[in-house]
Amino acid sequence: MRELVETVAAGLAAGERVTPEQAARLWREAPDEELRRLAARARARFHAPGACTYLIMRIINYTNVCVAQCDYCAFYRLPGQAGGYVLSREQVFAKIDALLALGGDLAGFNGGFNPHLPLDYYCELFAAIRARYGERLEFYALTIAEFLYLADHGKLTLAQAAERLRAAGVRWITGGGAEILTEAFRLRHSKFKYSVAAYLDAQRAVLAAGMKTTATMVIGFDETIEERIEHLERTRAFQDETGGLSSFLCWTYKPYGTAWGGAELGSAEYLRHLALCRIYLDNIPRLRASVLTQNEAALDGLLWGADDFDLPIEDEVTQSAGATINLDFDALLARARALGFAPRYRRVASAPAGAPAAV
Ligand code: SF4
């Protein structure tokens, strides 16, 4: 094991990449402290010690109606099922207003594959948000998975759908819906979640249309370490190809109320995984820790390779499955400081905080 750690450490210093085999061995053999130290070295290639950023954001779950039937999801309702909803525009605006009042500037839209919502619904909603809030707010419009469904359902090419959204004022479509990027995982857990190839093609179309995207990952289902590393390998290769991934965010599966169930993954394994991500992903400087699913423990992730975190005020998808929201931002930031970091707000919207409304 010592030889492996020294080989990887020397490789990091020389700018060499960790191989999938080395990553699997590190995962299985490296003690926590050795893995954490390697991640700290890899982090130092991009960030000064003690430097980290955060943002205040909310996910707006505009509809929970979905046909995908992922067995790890406690959020969705089938079309026609009791409890299904679509938010009105006024409800969306009220959520954004509340976010701005708390000092946040980023909303992420995430809903289901709702067959009753045409592409026009999204374009009109996003154009209205851009008109109302201007540069005071930025928003991640949809995930790659929803974007794929919209194009598919609307019988448009990915390029056509991307162009329609871009013309409506969309600048970001996040890499949500990746979960674990292996075909076997997707077949095991969803009746209708697009293939890995389709997912990556959609991400290419988003970038080709001039929008931005991110990479995500969710762990803690039944995936093997080989599947996790395959996900990291695909992500690293995609970044080599496009350079278009602005960040990498990994969170943990919440099992409560889901059809698949299972046990919740604890913070010790999450932190080890964050370290592995930082060591493996040598071409994505921004590695984000998930306060949403790991609460305060996510901030320890700053010691395990992460450099950025969200302070979320809502996400019904994970909350439906057991995630809890902590609005005591001061306490969360104090924890980061106690760990030796100086968190700096990373504003995503262009206008300064408190700028007057556009209309
Ligand atoms: S995870 Fe997303 S795509 Fe899957 S069932 Fe839930 S809402 Fe639908």
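Here, each number is a calculation from the coordinates, and none is a lab measurement. Keep in mind the model is a prediction, meaning the values are calculated, not measured. Cβ sites come from the backbone with ideal geometry, for glycine too, and all protein chains shown count toward neighbours.
Once amide H atoms are built 1.01 Å from N in the peptide plane, which residues 5 or more positions from Thr214, or in another chain, come under 5 Å H to H? Here Gly175, Ser246 satisfy the definition.
In this structure the amide hydrogen of Tyr140, modeled in the peptide plane, comes within under 5 Å of the amide hydrogens of Ala107, Gly108, Phe109, none closer than 5 places in sequence on its chain. The stretch between Tyr345 and Glu124, if pulled fully straight at 0.36 nm per residue, gains 76.5 nm over its current Cα-Cα span. Charge tally for Leu125 (other residues, Cβ to Cβ under 12 Å; Lys, Arg +1; Asp, Glu -1): 0.
Beta bridges from DSSP with both residues in segment 50-345: antiparallel share about 5 percent, rounded to the nearest 5.
As a rough footprinting exposure proxy, the listed residues Cys70, Cys250, Cys123 were ranked by other beta carbons within 10 Å of their own, and the order from fewest upward is Cys123, Cys70, Cys250. Among the trypsin sites (Lys or Arg not before Pro) in segment 164-233, which ones are in a DSSP loop with at most 14 other Cβ atoms within 10 Å of the Cβ? Mind listing them? For trypsin sites (Lys or Arg not before Pro) across segment 164-233 that sit outside H, G, I, E and B with at most 14 neighbouring Cβ atoms in 10 Å, the list reads Lys191. Note on Ala208 and Glu233: with the Förster distance fixed at 22 Å, the Cβ-Cβ geometry gives a FRET efficiency of about 0.45. Using 0.36 nm per residue and subtracting the Cα-Cα separation, the extra length available between Phe192 and Glu29 on full extension is 55.0 nm.
Label sites at Lys155 and Glu316, each approximated as a point 7 angstrom past Cα along Cα to Cβ, lie 3.0 nm apart. Fewest neighbouring Cβ atoms within 10 Å first, the residues Leu137, Leu156, Leu302 line up as Leu156, Leu137, Leu302. Look at Thr174, Thr214 and count the other Cβ atoms within 10 Å of each Cβ; fewest to most, that gives Thr214, Thr174. Per-residue Karplus couplings for segment 219-230, computed as 6.51 cos²θ - 1.76 cosθ + 1.60 with θ equal to phi - 60°, are listed in order as 10, x, 8, 10, 5, 8, 5, 5, 5, 4, 6, 4 Hz, Gly and Pro entered as x. A cysteine counts as unpartnered when no other cysteine's C-beta lies under 4.7 Å of its own; in the chain this applies to Cys52, Cys66, Cys123, Cys250, Cys277. Rounded to whole numbers, the Karplus 3J(HN,Hα) couplings from phi for segment 154-169 are x, 6, 10, 6, 4, 5, 5, 5, 4, 5, 4, 5, 4, 5, 7, x Hz, using 6.51 cos²θ - 1.76 cosθ + 1.60 with θ = phi - 60°, and x at Gly and Pro. Residue by residue, segment 122-136 carries 3J(HN,Hα) couplings of 5, 4, 5, 4, 5, 5, 5, 5, 4, 5, 6, 9, x, 8, 6 Hz when phi is fed to the Karplus relation 6.51 cos²θ - 1.76 cosθ + 1.60 (θ = phi - 60°); x denotes Gly or Pro. With N as its number of residues, the chain has a Cα radius of gyration that, divided by 2.2 N^0.38 Å, comes to 0.96. Taking every DSSP helix (H) stretch of at least 4 residues in the chain, weighting each as -39,500 (n - 2.57) and dividing the sum by the residue count yields a mean residue ellipticity at 222 nm of -13000 deg cm²/dmol.
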